[in-house]
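Taking it in order: structure first as structure tokens, then the write-up.
The values are calculated or read from the model by the stated rules, or taken from the named source; none is laboratory data. If you're wondering where the values come from, they're calculated on a predicted model, not measured in any experiment. Cβ coordinates were reconstructed from backbone atoms using ideal geometry, including for glycine residues, and neighbour counts include every protein chain displayed. Note: accessible area is taken over every heavy atom of the protein model, side chains too, but ligands, DNA and RNA are not part of it. Shrake-Rupley method; radii C 1.70, N 1.55, O 1.52, S 1.80 Å.
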Amino acid sequence: MFTRDAVNSLLETQTTAGKRHVLIFHCEFSSERGPRMYRHLRSQDRALNQDHYPKLNFPEVYLLHGGYKAFYESHGDLCDPDSYTPMLHLDHCADLRHFRVKSKTWTAGSEKVSSRRHRSRIFPSGLDF
């Protein structure tokens, strides 16, 4: 999920009761887009469940430490497709342009917050699976 609309749609769906749902957000380096979507999901989930604190629809949410690039370098055999194309590659020009335009509208009027404040759960890329 790379848009707020996609995250909001996920929050609107009914999850299977008793079934564990684990979400792992990432982007190429997990430094901008992944953390932004992680924070958005957590914020919206808290707002939806404000009357039932500490209940959350998705209590287990992680940010992939080092991003997809680092994960692919360590565990490429677990990736499908088994390839890695950097974000700035020509094949991603249209996607990158679309995201940058969208991200400016998402943050309009909001103050910049230090990412250190929001590093509550990091999923390290060096884990053995």
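Data for the structure
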{"item": "Residue within segment 22-43 that is among the small types (Gly, Ala, Ser), modelled with pLDDT under 95, over 22 Å from LEU96 (Cβ atoms) and open to solvent by less than 30 Å² (accessible area, probe 1.4 Å) present", "result": "no"}
{"item": "Any hit, segment 62-72, residues being open to solvent by less than 60 Å² (accessible area, probe 1.4 Å) and touching a Pro at 6+ places or on another chain (Cβ under 7 Å)", "result": "yes"}
{"item": "Output for segment 68-91, where each listed residue is under 17 Å from ARG33 (Cα atoms) and of a type in the set (D, E, K, R)", "result": "LYS69"}
